[in-house]
Amino acid sequence: MTWSFRSAALVLGLGCVAGTLWEGLDDRLAALAFGLLVALGEAARRPGADVREAAPLGAAGGLAYALLGADAGIAARDGALQVVAVVGAAALLGNVPHIASGRRPTPDHLARRVLTVGFAAVCFQPLDTRGALEQWGGPAYALLLVALLVLTVLCDAVLAAAQAHSRTGWPFGPLLRDELRGLLGIGSAVCATGAVMALAVAVVGLWALPVFCLPLLLTQLSLRRYEAVRATYRQTIASLARATEIAGYTPAGHARRVAALSQAVGRDLGLSRAELTVLEYAALMHDIGQLSLVDPVPAGATAVLPAAEQRRIALLGGAVVRQTGVAAAVAVVVERQADPYREQPLAARIVRVVNAYEEKSRDSGPGGPLTALEELRLATAGDYAPEVVEALARVLARDCLTLRAAG
């Protein structure tokens, strides 16, 4: 499916470029101004950032150009073909600095940009060219732009979720839900800026572009600072999680493996992005309560301990997490991971199952993963949540982990 999106965007972009070259470029100054804005926005894109929209300035500029009906009171006749051609070429140009610095371009990101702008331009430009919007004035015209922007960002959310589903195999529903939630953050800022720029250019001309893109640029800078703080926060949690490894209570890499597999299981079960973050942090710190033990458990395998001892270690771990200033939701997952699974929150059920699987399959030879999974299935009557065990089995089968271990 990923290739179908890329192919559709490529065909659309090349067709629009050919059509623009055939018909000629209208309003070259507006095309240059919006193209420069999109290129600058793409050049300032945050590569690898874990956010919904990595180039908000480029997105807002492309949407504003697609919804441009006039320039300083003079009707604009750029047309849908020219809009898509200019935005696509500018997006490619804006990625040149990333390529020059050794970072790979992101075809999915570019495909979404072309298809989203194409959707907005096809919805708006033909109506504007035929004069069908002339009777729409004042607030009615602004509401029309907002409605078209809402439809456009919904289309973009569906495209983004479909691309992620095709690329990762994660369930489409939770991915779409996360994309729609993202519209309340940076998505709403992009839509508002795109609409305001289109309306402002229609009244005062192209001088409105640098004025009205400044707030979004400042927002992007603030997001970068937030990402840096969040990265430092995660590094702190990872360092705390390594305390049990350094002290010799757990094997090296155990917490990281449990966290990675727990996230995969959580995605399969449809957890949201915020819930996955809590799950990751709790999985990283799930063994921190073992620091209270006088004698370490052999290989850190708490799954073989009596239930009362498991709960004592879990409660101590939750207390330690609360002292570190980590979110209370993380501490709840850590301290409840040893409770009866019917009383646990879903994140605690996941950590318990994945931790047991990692401990049972470790150092067990080629058949270890298969044996561990079978033991977990046999214990679903009382110890482990059946839906989590089956989700773990699906993740292992999808990633071919079980098959590799069996071979």
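Local charge for V83 was computed over the other residues whose Cβ lies under 15 Å away, with Lys and Arg +1 and Asp and Glu -1, and equals -3. Extending 7 Å from Cα along the Cβ direction at A381 and again at I74 yields two label points whose distance is 8.3 nm. Assuming charge only on the beta carbon of Lys and Arg (+1) and of Asp and Glu (-1), the dipole of the chain about its Cα centre is about 440 debye to the nearest 20. The rule of thumb for compact globular proteins, 2.2 N^0.38 Å, goes into the C-alpha radius of gyration of segment 139-262 1.55 times. Carbon-plus-sulfur accessible fraction, the chain (probe radius 1.4 Å, protein heavy atoms only): 66%. Computed from Cα positions, the angle between helix 188-204 and the longest principal axis of the chain comes to roughly 10 degrees. In sequence order, segment 81-96 has phi-based couplings of 4, 5, 4, 5, 5, 5, 5, x, 5, 5, 5, 5, 5, x, 8, 4 Hz under the Karplus curve 6.51 cos²θ - 1.76 cosθ + 1.60, θ = phi - 60°, and Gly or Pro positions carry x. Largest mean-square fluctuation among S166, S101, S222, in a Gaussian network model of the chain whose springs join Cα atoms under 10 Å apart, belongs to S101. Between V122 and V203, the contour length at 0.36 nm per residue exceeds the Cα-Cα span by 26.9 nm. Treating each Cα of the chain as one equal point scatterer and applying the Debye formula with no solvent, the log10 of I(q)/I(0) at q = 0.07 Å⁻¹ comes out as -0.44. Under 5 Å from the amide H of D71 lie the amide H atoms of A76, each residue being 5 or more positions distant or on a separate chain, with H modelled from the backbone and absent for Pro and chain starts.
Computed over segment 114-195, the alpha-carbon pair-distance distribution with 10 angstrom bins reads 17, 42, 27, 12, 2, each value a whole percent.
Principal-axis analysis of the Cα atoms of the chain puts helix 56-66 at an angle of about 40° to the longest axis. Going by accessible surface with a 1.4 Å probe and the largest first, D383, D339 read D383, D339.
Averaged per residue, what accessible area in Å² does the chain show with a 1.4 Å probe, protein chains only? Kindly include the intermediate steps, with their values, before the conclusion.
Details: 18830 Å² over 407 residues.
For the chain, the solvent-accessible area averages 46 Å² per residue.
Using the alpha-carbon atoms, what tilt in degrees (0 to 90, nearest 10) does helix 172-182 show relative to the longest principal axis of the chain? The angle comes out near 60 degrees.
The values are calculated or read from the model by the stated rules, or taken from the named source; none is laboratory data. None of these values were measured; they are calculated from a predicted model. All Cβ positions, glycine included, derive from the backbone under ideal geometry; neighbour counts span all protein chains shown. Ligands, DNA and RNA are excluded from the accessible area calculation, which covers all protein heavy atoms including side chains. Shrake-Rupley method; radii C 1.70, N 1.55, O 1.52, S 1.80 Å.
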